[in-house]
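The values are calculated or read from the model by the stated rules, or taken from the named source; none is laboratory data. Only a predicted model underlies this, so the values are computations on that prediction, with no experimental measurement involved. Note: ideal-geometry Cβ built from the backbone for every residue, glycine included; neighbour counts use all protein chains shown.
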Amino acid sequence: MQISWIKKSTLLDFPGKVATIIFTPGCNFRCRFCHNSEFVLPEKMKENKVFEDLISEKAFFNFLESRIGLLDGVVICWWEPTLQKDLYDFAKKIKQMWFLVKLDTNWRDPEIVQKLINDKIIDFVAMDMKMPFSRFTELIWIEEKVDNYKKTAEILLNSNIDYEFRTTVIKNYHDKETIEEIAKDIEGAKNYHLQNFIWWNTLEPDFDWATFSKPELKEFMEVAKPYVQKCTIRT
Ligand code: SF4
């Protein structure tokens, strides 16, 4: 498992739990608003010697062992963990230490998500819904299979585990109609979370950015609410 960075403790990233987060290098997407181009673009990863400075699995598991009884779980997240070939075995090893496991994914690999759920390796999944299924390439810049997008969402909607769909909302890209369309795509979802975009170090340097006001975000929440069980916002 390639580990770029560890945040030792967080109360914000695994709902209701004290967790540690590990960040994995590389992503198949090229979101125009991504804040982490140095961990996403191969040329920048090379320039920043990302693969030379990885944290070893041994060091990570030693750290985890020292946190038994202090942490509830581990979040495996950015930049896209399903690119890691040994994700299953790595997550299983964490689970065998009796930690809860949360996976944050951009939905690229429904098969691994299904297998991790079926084998009770993961306890929570957070999945990005950047755009409605019908417009999904507008923000990610490269072609991907829309089938995978739909399949991963369906897997979560039909599962018994906890999950959250989330959208980073950006002016000029999202409006009430777009949010309603996304909410319809995930109709019945347990949790749908809207978070405001904050401009910082974007992958597209002159990304046309702007943030919504709190009242505007609340309007989005009201639009989405009829379609999902719970909708929350982060301003
Ligand atoms: S999916 Fe996340 S990590 Fe990947 S390019 Fe988009 S914002 Fe960046």
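A few notes on this one:
- Looking only at segment 141-159, and only at residues there that are assigned to a loop (DSSP other than H, G, I, E, B) and under 19 Å from CYS231 (Cα atoms), the one that is nearest to the ligand (Cβ to nearest atom): SER159
- If you go through segment 117-140 and keep only what is in a loop (DSSP other than H, G, I, E, B), touching a Leu at 6+ places or on another chain (Cβ under 8 Å) and not β-branched (Val, Ile, Thr), you end up with ASP123, LYS130, MET131.
- Residue within segment 44-55 that is in contact with a Phe, Trp or Tyr (Cβ under 7 Å, 6 or more places away or on another chain), at negative phi and modelled with pLDDT under 95 present: yes
- Leading residue by the ranking (modelled with the highest pLDDT) among those in segment 1-43 that are part of a loop (DSSP other than H, G, I, E, B) and of a type in the set (A, V, I, L, M): VAL18
- Within segment 160-186, tally of residues that are part of a loop (DSSP other than H, G, I, E, B) and either out of contact with any strand residue (DSSP E or B) (no Cβ under 9 Å at 6 or more places or on another chain) or away from the ligand (no atom under 16 Å from the Cβ) (or both): 7
- Residue within segment 47-67 that is within 16 Å of the ligand (Cβ to nearest atom) and in contact (Cβ under 8 Å) with a residue 12 or more places away in the chain present: yes
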